[in-house]
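Since the structure comes first, as structure tokens, the remarks are kept for the end.
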Amino acid sequence: MKLAELIGSVGVLPEGCDATSSDPACNPEISAITCRSQDIMPGGLFVAVKGFAADGHDYIDQAVELGASAVVCERPADVDITTVTVENSRKALAEL
């Protein structure tokens with residue numbers, strides 16, 4: 001499924017990216033969703049969730065290295081893949 005289809009009302013794609021975009025950098029095909037960076041698969045969507053013991057935002061780079069196609073996060077991430085900023089990533093994960 002394309003990222004724009006998954007995101008729906010959960011978040012906003014970066015400027016210039018939308019559901020009609022054929023640019024895979026803007027609207028990549030998503031094969032899986034996870035909040036554990038070590039479980040990411042190539043083409044997966046990583047949702048950075050702030051937990052009690054660890055903050056998923058600290059593992060965004062690891063998820064990218066393992067092949068994540070996009071990231072959902074609560075604060076800006078300096079990575080070369082599509083990021084979707086949301087107010088509450090835990091809620092976004094539940095909706096996704």
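Brief remarks follow.
- When 23, 18 are checked against the criterion of being modelled with pLDDT under 95, in contact with a helix residue (DSSP H, G or I) (Cβ under 8 Å, 6 or more places away or on another chain) and loosely packed, with under 15 Cβ neighbours inside 10 Å, 18 stands alone in meeting it.
- The residue that is farthest from residue 89 (Cα to Cα), among those in segment 45-58 that are out of contact with any Lys or Arg (no Cβ under 7 Å at 6 or more places or on another chain) and surrounded by fewer than 21 Cβ atoms within 10 Å (Cβ to Cβ), is 53.
- Lone qualifier among 40, 81, 30 - being modelled with pLDDT of 95 or more and not charged (D, E, K, R): 40
- So residue 67, is it open to solvent by less than 10 Å² (accessible area, probe 1.4 Å) and under 20 Å from residue 1 (Cβ atoms): no
The values are calculated or read from the model by the stated rules, or taken from the named source; none is laboratory data. Remember, it's a predicted structure, so these values are computed and weren't measured experimentally. Ideal geometry is used to build each Cβ from the backbone, glycine not excepted, and the neighbour counts take in all protein chains shown. Heavy atoms of the whole protein, side chains included, go into the accessibility calculation; ligands, DNA and RNA do not. Shrake-Rupley method; radii C 1.70, N 1.55, O 1.52, S 1.80 Å.
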